[in-house]
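Below you'll find the structure, written out as structure tokens, and then a few comments.
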Amino acid sequence: MEHLPVEVIGNILSRLGGARDVVIASVTCRKWREASRKHLHTLAFNSNDLPPYRDITPKQLEILITQTIFQTTGLQGVSILMDDVDEFSASTVIAWLMYTRETLRRLFYNVRTSPNVNILEICGRQKLETLALAHNSITGVEPNFQRFPCLKSLSLSHVSISALDLSLLLTACPKLESLELVNLEIAMSDAQVTVELSCPTLKSIYVEAISLDKFMLEADSIERLHLRDCALELFELIGIGTLKYFKIDDVSVIHLDIGETIDNLEVVDVSNFTIIWPKFYQMISRSSKLRKLRLWDVAFDDEDEVVDLETIAVCFPQLKHLALSYELRDGVMHYGLQGSSNLENVMVLELGWTVINDLFSHWVEELLKRCPNLRKMIIFGSVSEVKSHEECQILANFTSSIVQLMRKYMNVEVHFEFE
């Protein structure tokens, strides 16, 4: 070990993750101490990972973090996640940021301070590439002064910010590619909460636990869009057809528009969502490059709407991964078996039920017949704690049917997942 270059030791210590482990390892010998001071590029402080952090006061913890940071030079990545700590002194936290900001590339910051620390003012105009803020507030954004010329990834979680400041913040990030917005507290300027964002370089956006009247996003380079657990009256994406990945999970939205030119869509994943099938189908039907389609626990606005396999097979000839959850209503399956077209390229099939009945086995068998090149099938099921004799018999019949069925498809790998 003594022949290892000190720079390599610095890289090893940087990959340990936790600051406590780094400090312990650095006392190995003089060379390792030198590596921790001069060649360490990543430090992480997390109140959840280290039980000793919970046994000391915030003031003592401030001193430990200060000593550790100030013994380093050239830190590129700093993570300070203090979920279980009440409050730090703002002046101490400012000292940490001022000491590291000129070399800092990645900052993960979840610290409550009194008063609030203006991260944008301290870290703006520097070389920061990744910024993740949590439990913070942002006010009075000045794009010309608080500019992030190198920032590519921005994450805001449980952050208080106005719609205008959020828009201005994106303007201050000319190279932004990835944006995460989780449980934001949007300051209201009027009765209607509207967020309008524009970012020509943005490639990926993830939005979770946000309630708005209108959310409008203009992004000409967008490739990934993921909405989760949101309540929106209107969501509109304005782009030029670059979207490849679209996922929506447990979202309430009255008007959804992801653009007319979505010919490049490769993944559509919809779950726990009510859709108007003709309108939704019209929206994605031109996506002939679609590789994965997932419709899981999807409710239909019109009780008479049925999505048949023929429609899926004809419109998405390159489909390789298909996931459908089974639902029988008034004797009609939402995913009917009409037509004769095969899903020639489907290699992975995910099927599931919420309430099982004897028709499920038949549905599985028909789907297998329509996927001649299938390699893997995963069956998801919901099993309640208390079962009547009839329910147990249905489950037993299903098990027997699947065992017999799979003897015909020995080349298909089968997995079961129950909850």
Output for Cβ contacts, cut-off 8 Å, separation at least six or different chains, first residue part of a loop (DSSP other than H, G, I, E, B) in region 216-245, second among the aliphatic types (A, V, I, L, M) and open to solvent by 40 Å² or more (accessible area, probe 1.4 Å), reads ALA219/ILE238; ASP220/ILE240
Residues in region 362-419 that are under 18 Å from LEU343 (Cα atoms), assigned to a helix (DSSP H, G or I) and touching a helix residue (DSSP H, G or I) at 6+ places or on another chain (Cβ under 9 Å) total 7
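Is it the case, given these coordinates, that LEU133 is modelled with pLDDT of 95 or more, under 23 Å from the mean Cα position of the chain (by Cα) and more than 22 Å from LEU13 (Cβ to Cβ)? Let's see the steps before the verdict.
On the way: modelled with pLDDT of 95 or more: yes; under 23 Å from the mean Cα position of the chain (by Cα): yes; more than 22 Å from LEU13 (Cβ to Cβ): yes.
Taking the combined requirement at face value, the residue satisfies it.
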Note on LEU202: of the conditions (1) part of a strand (DSSP E or B); (2) buried (at least 17 other Cβ atoms within 10 Å of the Cβ); (3) not charged (D, E, K, R), unmet is (1)
From the option list LEU212, LEU176, LEU156, single residue qualifying as part of a loop (DSSP other than H, G, I, E, B) and either crowded, with 21+ Cβ neighbours inside 10 Å or under 20 Å from the mean Cα position of the chain (by Cα) (or both) is LEU176
Q. Mind checking whether some residue in region 251-269 is on the phi > 0 side of the Ramachandran plot, outside any strand (DSSP E or B), touching a residue at least 12 places away in the same chain (Cβ under 8 Å) and of a type in the set (D, E, K, R)?
A. no
Discussion item. Within region 333-350, does at least one residue satisfy the condition of being at pLDDT below 80, surrounded by 12 or more Cβ atoms within 10 Å (Cβ to Cβ) and β-branched (Val, Ile, Thr)?
Written reply: no
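Residue-wise test of (1) assigned to a loop (DSSP other than H, G, I, E, B); (2) open to solvent by less than 60 Å² (accessible area, probe 1.4 Å); (3) under 20 Å from CYS199 (Cβ atoms).
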{"residue": "ASP86", "(1), (2), (3)": "yes, no, no"}
{"residue": "ALA95", "(1), (2), (3)": "no, yes, no"}
{"residue": "TYR99", "(1), (2), (3)": "no, no, no"}
{"residue": "THR103", "(1), (2), (3)": "yes, yes, no"}
{"residue": "TYR109", "(1), (2), (3)": "no, yes, no"}
{"residue": "LEU131", "(1), (2), (3)": "no, yes, yes"}
{"residue": "PRO143", "(1), (2), (3)": "yes, yes, yes"}
Of the candidates ARG370, ARG375, the one satisfying the condition of being of a type in the set (Lys, Arg), surrounded by 12 or more Cβ atoms within 10 Å (Cβ to Cβ) and more than 24 Å from VAL298 (Cα to Cα) is ARG375
Residue hits (region 54-78; without any contact (Cβ under 8 Å) to a residue 40 or more places away in the chain, assigned to a helix (DSSP H, G or I) and either open to solvent by less than 30 Å² (accessible area, probe 1.4 Å) or small (Gly, Ala, Ser) (or both)) are LEU61, GLU62, ILE69
* Would you call GLU196 of a type in the set (Asp, Glu) and either open to solvent by less than 10 Å² (accessible area, probe 1.4 Å) or touching a helix residue (DSSP H, G or I) at 6+ places or on another chain (Cβ under 7 Å) (or both)? -> yes
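The values are calculated or read from the model by the stated rules, or taken from the named source; none is laboratory data. This structure is a prediction, so every number in the text was calculated from the model and none was measured. Counting neighbours? That spans all protein chains shown, and the Cβs are built from the backbone with ideal geometry, glycine included. Please note that ligands, DNA and RNA were not included when accessible areas were found on the heavy atoms of the full protein model with its side chains. Shrake-Rupley method; radii C 1.70, N 1.55, O 1.52, S 1.80 Å.
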